[in-house]
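Engineer: Before I ask anything, let me first share the structure, which is written out below as structure tokens.
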Amino acid sequence: MKRYDAIVIGAGHNGLTAAAYLARAGKSVVVLERRPVIGGAAVSEELYPGFTYSSCSYVSSLMRPEIMRGLDLPRYGLQIIPYEGILTILPDGDYLASYSDPDLTRRENLRHSKRDAEAFGRFSLEVLRQCRFIKPMLLMTPPDPTSFKLDDIRGLIWMGRKFADLSERQMYDVMRFWTMSCADFLDEYFESEAVKGQLAGSSIIGTALGPRSPGSAYILLHHYMGEVDGDIGAWGYARGGMGAISRALAGAAQAHDCEIRTEAEVSQIIVKGGKAVGVALADGEEVYGTAIVSNLDPKRTFLKLMPLEHLDDTFIDQVRNFKIRGSSGKLNIALDGWPEFIAKPPIPAPLYSSIQIHRTLDDLERAYDDWKNGMWSRHPYLDIVIPSGLDPTMAPPGKHYMSVFVQYVPPKLKDGPWDDAKRSAFADTVIDTLAEICPNIRDLILHMQVRSPWDLENEVGLTEGNIFQGELTLDQLMFNRPFPGYAQYRGPLRRLYMCGSCTHPGGGVMGAPGANAAREILKDFKRRILR
Amino acid sequence: MSEAITSDFLMKTPFHARTAPLCLSGKWGRWAGYSSVDCFYSVTEEYFAVRTAASLFDMSPMIKYRVTGRDAARFVNRLITRDIGACPPGHGLYVCWCDGDGKLIEDGTVFRLAENDFQINTAEHNFCWFEDTALGLDVTIADVSEEFAALALQGPLSRLVLERLGLTGIEAMPYFGLAWFTLDEAPLLVSRTGFTGDLGYELWIEPGRAEMLWDRLMAAGKDYRLTPIGAAALEMVRIEAGLIEIGFDYIGAEAALRESRKRSPYELGLGWLVDLKKSYFVGKRALAEEKRRGGPRWRLVGLEIEGNKPAIESFIYRGRTEVGHVTSAMWSPTLKKNIAIAVLEAPYATPKADLWAEIWHPRELEIRKINAPCRVVRRPFYDPPRRKA
């Protein structure tokens, strides 16, 4: 029977990234995917004829350019098309657009506040400073501050040096930034609700925190630290949908003879002699390998696939306490034509930007309150994109694909489990909200896919439907991600590794966790810990 | 669907209807969100018009603030490093302002229109900074950029043009003086200021009367070779005049991403603008401390370089050690010298230092490296007596 050098459980983008790096290093690798499609939450699906849905993740910025280059992803079909910025539509038909051109953005902000027009520059500079500080840490294994190993000490010294390079005031700012709330951070710069509301969106997407929760400022940074062609903070569409990223990663892996098997559900990790040695599939097949690499979130890996008798109680507690709260839902809509918005910016921003419905910080906090009460937000935050505007391959000519990301949506409702009736009521809330800024939306809908966090958990396998595979708060970042003591991609058993977004540096279609995990696994091969 | 970008992407200045038909070169640039002519026909022709006759430059995109109120003078004195007491009403002052660490935010001009009525002219937006500085003071700060169209009339014959225009008393106007006139019933503010280092004036009028002013000036200047000029020619004369420009010779403290790029006035040769004897101003403590420690690490200097190849973006060496870099450089047609403004480490910012510039010069698509000896010289490089006379 064939024994692989590495078995990757789950063909999410991080699993595929890890597999590609391992295969490229000459290892024999197999990726086992439960679903018929690869990509996890980075997928393109044709759920209505002629339309391509980026049915989960929908825009790209965080995917590390080092990985795109390193794995030669453009050669396997990856193209990222940058878009302009954000168009916030206010209830009265006014709007606030942000453009790639700073003069235009300034003039736009000026219509809302004299101070904010200028403060926007100050704010962007500060966020850029924070990004510059964190960026080099994305593709490094977080050093463990409690360890005396050479690698850890070296890593800590490097981080200390980096910190020492900052000015005194910047050091304070870094520490403040990582712990403060997004609302407090924005209040330091801005006075206009439109400006604050627009920027606050980035601090709540995907997280079960409100804009006034401490730690939410970091979420904003997490959405800003990506780049498109060196333009930090810019976002774009993967041509052909987010599945194009997964397909390119798979292409890169397969070019080095990596096997990718779909409809191959892993039901258990096989442990022998205290080591992970293989996996058992749902159909009874057993696959053996040297390194067992899980792309799944820790709750699934350790509470569902791992026979619990191999784990000690302290570790199980850590897994159970891991915060992975679902907070967002999504509508994927096939449109019969171009949706008309009530705002008419001089530059056709709906085509070039993501679109938000205006929400004040207070609105967002109220929306979060609904979530806490076990309800989807009655006045949700919507992040709308129409990828077919810049990428005509996403829909038939004259028709459009619209992705509507919805925050906040709980995985468990207070009045019982998610069902078709609730899903439909949820969709009504979203469409009603959407109709406030896009009156002809109902007439255009050809098909609609509605996804609650519950659906995300059951289809894609993200526990509670958390898009980041675990909250991005300081207690679960860096050497704390996913848990203290296990932040270097190695699990509690020998030969068991983690490579999903639950590991450093976290969620988003970034690829960095997968690349970092592969690097650690290859290190263990080299040290003959794995053989 | 497929909507095109149809809006006015860049704004047009009040003189656009006059300048656009004259812009034969098709060379336009961007300035503070406006379309701005880079060169009308020939940079050389425009350059020589400034130095030998008279030139007209549309400086409307410049950012202007009006500061009024009981505490306006106190505000300005808290903002700038110079003493505003030295500037009576009806006069202007070249000034700079710093952040709390004594790092330069910008340099610009202040016009004292009345005891407590000021106009501050800047290249960058400063509204937030000014408002923050005004905290607790009884002042109103307004961005009046779009309330004035502005032209720079510069050159040795500029005074004759204004005399011909009928501005009586213009010959008596002192350097950095201000005067009000009425032209075709429109109030016209004239300041004897400029960015050319030559005799010259700046004219400020309401935007609705901008084309009238342009037409009247062009008619008055007909016999004096009054020539519209673009930003390229202005860039040449401002380097000759040794004037520094934000974004080229330094990065403003509010715009600097890297802490190490911020500069103090002492580093930029603006020490003469810092009055440590006057009452508190923003950055005073830090600047006093910097002076006490013997000055900062860097110095902005003028360089004369051998040969005739402009030392654009060159590194400056002493022996084999890199000691600085050029921020602005040109061949000066008036001085017949190869000049540059450069930032050097303080110990080498002296005429005695034995320096050389590494110049990469393209020659028919092939880039040649030239090591040209250079020496530190006084700025301004060119300073005709008529500038202040």
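Engineer: I'm trying to understand the selection: among the residues of region B:247-279, which are outside any loop (DSSP other than H, G, I, E, B), farther than 22 Å from residue A:170 by Cβ and within 14 Å of another protein chain (Cβ to nearest Cβ)?
Structural biologist: None; the set is empty.
Engineer: In region B:67-90, what residues are touching a residue at least 24 places away in the same chain (Cβ under 8 Å) and of a type in the set (A, V, I, L, M)?
Structural biologist: Residues satisfying the conditions are B:67, B:72, B:73, B:76, B:79, B:80, B:84.
Engineer: Looking only at residues that are assigned to a loop (DSSP other than H, G, I, E, B), under 21 Å from residue A:232 (Cβ atoms) and of a type in the set (S, T, N, Q) in region A:55-107, which one is nearest to the other protein chains (Cβ to nearest Cβ)?
Structural biologist: The selected residue is A:100.
Engineer: Could you pull out the residue among A:31, A:43, A:37 that is part of a strand (DSSP E or B) and either among the acidic types (Asp, Glu) or in contact (Cβ under 8 Å) with a residue 60 or more places away in the chain (or both)?
Structural biologist: Residue meeting the stated conditions: A:31.
Engineer: I'd like to know if region A:389-401 contains one or more residues that are in contact with a Ser or Thr (Cβ under 9 Å, 6 or more places away or on another chain), surrounded by fewer than 23 Cβ atoms within 10 Å (Cβ to Cβ), of a type in the set (Gly, Ala, Ser) and within 14 Å of chain B (Cβ to nearest Cβ).
Structural biologist: No, region A:389-401 contains no residue that is in contact with a Ser or Thr (Cβ under 9 Å, 6 or more places away or on another chain), surrounded by fewer than 23 Cβ atoms within 10 Å (Cβ to Cβ), of a type in the set (Gly, Ala, Ser) and within 14 Å of chain B (Cβ to nearest Cβ).
Engineer: Report yes if residue A:242 is surrounded by 21 or more Cβ atoms within 10 Å (Cβ to Cβ) and closer than 30 Å to residue A:364 by Cβ, otherwise no.
Structural biologist: yes
Engineer: Additional query: Counting just the residues of region B:294-316 that are part of a strand (DSSP E or B) and charged (D, E, K, R), which one comes out nearest to the chain's Cα centre (by Cα)?
Structural biologist: Top of the filtered list is B:299.
Engineer: Please enumerate the residues belonging to region B:348-389 that are part of a strand (DSSP E or B) and among the hydrophobic types (A, V, I, L, M, F, W, C).
Structural biologist: Hits for region B:348-389 are B:355, B:356, B:357, B:359, B:360, B:367, B:370, B:372, B:374, B:376, B:377.
Engineer: Now for a different question. Does residue A:457 count as away from chain B (no Cβ under 14 Å) and assigned to a helix (DSSP H, G or I)?
Structural biologist: Yes: the conditions hold for residue A:457.
Engineer: Suppose we keep only residues that are part of a loop (DSSP other than H, G, I, E, B) and within 14 Å of another protein chain (Cβ to nearest Cβ) within region A:293-337. Which one would you say is surrounded by the fewest Cβ atoms within 10 Å (Cβ to Cβ)?
Structural biologist: Filtering region A:293-337 for residues that are part of a loop (DSSP other than H, G, I, E, B) and within 14 Å of another protein chain (Cβ to nearest Cβ), the one surrounded by the fewest Cβ atoms within 10 Å (Cβ to Cβ) comes out as A:337.
Engineer: How many residues does region A:519-531 hold that are part of a helix (DSSP H, G or I) and either modelled with pLDDT under 95 or under 19 Å from residue A:135 (Cα atoms) (or both)?
Structural biologist: Total satisfying the criteria: 1.
Engineer: So, one more: Find the residue count for region A:472-500, including only residues that are under 19 Å from residue A:371 (Cβ atoms) and buried (at least 24 other Cβ atoms within 10 Å of the Cβ).
Structural biologist: The total comes to 1.
Engineer: I'd like the residue in region A:503-518 that is among the hydrophobic types (A, V, I, L, M, F, W, C) and either touching a strand residue (DSSP E or B) at 6+ places or on another chain (Cβ under 9 Å) or part of a helix (DSSP H, G or I) (or both) and, out of all such residues, is surrounded by the fewest Cβ atoms within 10 Å (Cβ to Cβ).
Structural biologist: A:515
To keep it simple, each residue is scored yes or no on (1) surrounded by fewer than 22 Cβ atoms within 10 Å (Cβ to Cβ); (2) within 24 Å of the chain's Cα centre (by Cα); (3) at negative phi.
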{"site": "B:196", "(1), (2), (3)": "no, yes, yes"}
{"site": "B:207", "(1), (2), (3)": "yes, yes, yes"}
{"site": "B:216", "(1), (2), (3)": "yes, no, yes"}
{"site": "B:220", "(1), (2), (3)": "yes, no, yes"}
{"site": "B:223", "(1), (2), (3)": "yes, no, yes"}
{"site": "B:233", "(1), (2), (3)": "no, yes, yes"}
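Engineer: List the number of the failed condition for residue A:280; all other conditions in (1) within 18 Å of residue A:497 (Cα to Cα); (2) aliphatic (A, V, I, L, M); (3) in contact (Cβ under 8 Å) with a residue 40 or more places away in the chain hold.
Structural biologist: Here residue A:280 meets the rest and fails (3).
Engineer: Okay, moving on. Scan region A:338-357 and report the pairs whose first residue is within 13 Å of another protein chain (Cβ to nearest Cβ) and closer than 19 Å to residue A:435 by Cβ and whose second residue is assigned to a loop (DSSP other than H, G, I, E, B) and at pLDDT 90 or above, with Cβ atoms within less than 6 Å and a gap of 6+ or a chain change.
Structural biologist: Sorted first by the residue in region A:338-357, then by its partner, the pairs are A:339/A:438; A:340/A:440; A:341/A:438; A:350/A:341.
Engineer: Show the residue pairs meeting these rules: Cβ distance below 8 Å; 6+ apart or different chains; first residue within region B:348-364 and touching a residue at least 12 places away in the same chain (Cβ under 8 Å) and of a type in the set (Asp, Glu); second residue buried (at least 17 other Cβ atoms within 10 Å of the Cβ) and not in a strand (DSSP E or B).
Structural biologist: Pairs that qualify, where the first residue is touching a residue at least 12 places away in the same chain (Cβ under 8 Å) and of a type in the set (Asp, Glu) and the partner is buried (at least 17 other Cβ atoms within 10 Å of the Cβ) and not in a strand (DSSP E or B), are B:358/B:314.
Engineer: Could you please give the count of residues in region B:79-104 that are farther than 17 Å from residue B:175 by Cβ and surrounded by fewer than 23 Cβ atoms within 10 Å (Cβ to Cβ)?
Structural biologist: Of the residues in region B:79-104, 6 are farther than 17 Å from residue B:175 by Cβ and surrounded by fewer than 23 Cβ atoms within 10 Å (Cβ to Cβ).
Engineer: Can you list the strands (runs of 3 or more DSSP E) lying wholly within region A:206-275 that have 1 or more residues being more than 19 Å from residue A:84 (Cα to Cα)?
Structural biologist: A:259-261, A:266-272
Engineer: Contact list please: Cβ distance under 6 Å, first residue in region A:8-27 and assigned to a strand (DSSP E or B) and crowded, with 24+ Cβ neighbours inside 10 Å, second residue modelled with pLDDT of 95 or more and among the β-branched types (Val, Ile, Thr), pairs at least six apart or on different chains.
Structural biologist: Sorted first by the residue in region A:8-27, then by its partner, the pairs are A:8/A:31; A:8/A:293; A:9/A:266.
Engineer: Within region A:128-170, which residues are within 14 Å of another protein chain (Cβ to nearest Cβ), assigned to a helix (DSSP H, G or I) and either touching a helix residue (DSSP H, G or I) at 6+ places or on another chain (Cβ under 8 Å) or of a type in the set (A, V, I, L, M) (or both)?
Structural biologist: Once the filter is applied, which keeps residues that are within 14 Å of another protein chain (Cβ to nearest Cβ), assigned to a helix (DSSP H, G or I) and either touching a helix residue (DSSP H, G or I) at 6+ places or on another chain (Cβ under 8 Å) or of a type in the set (A, V, I, L, M) (or both), region A:128-170 yields A:128, A:129, A:130, A:131, A:133, A:162, A:163, A:164, A:170.
Engineer: Here is a further query. List pairs: first residue in region A:111-127 and more than 7 Å from every other protein chain (Cβ to nearest Cβ), second residue of a type in the set (D, E, K, R) and buried (at least 18 other Cβ atoms within 10 Å of the Cβ) anywhere in the structure, Cβ distance under 6 angstrom, at least six positions apart or on different chains.
Structural biologist: A:117/A:106
The values are calculated or read from the model by the stated rules, or taken from the named source; none is laboratory data. All of these numbers come straight from a predicted model, not from anything done at the bench. Glycine gets a Cβ as well: all are built from the backbone with ideal geometry, and neighbour counts include every protein chain shown.
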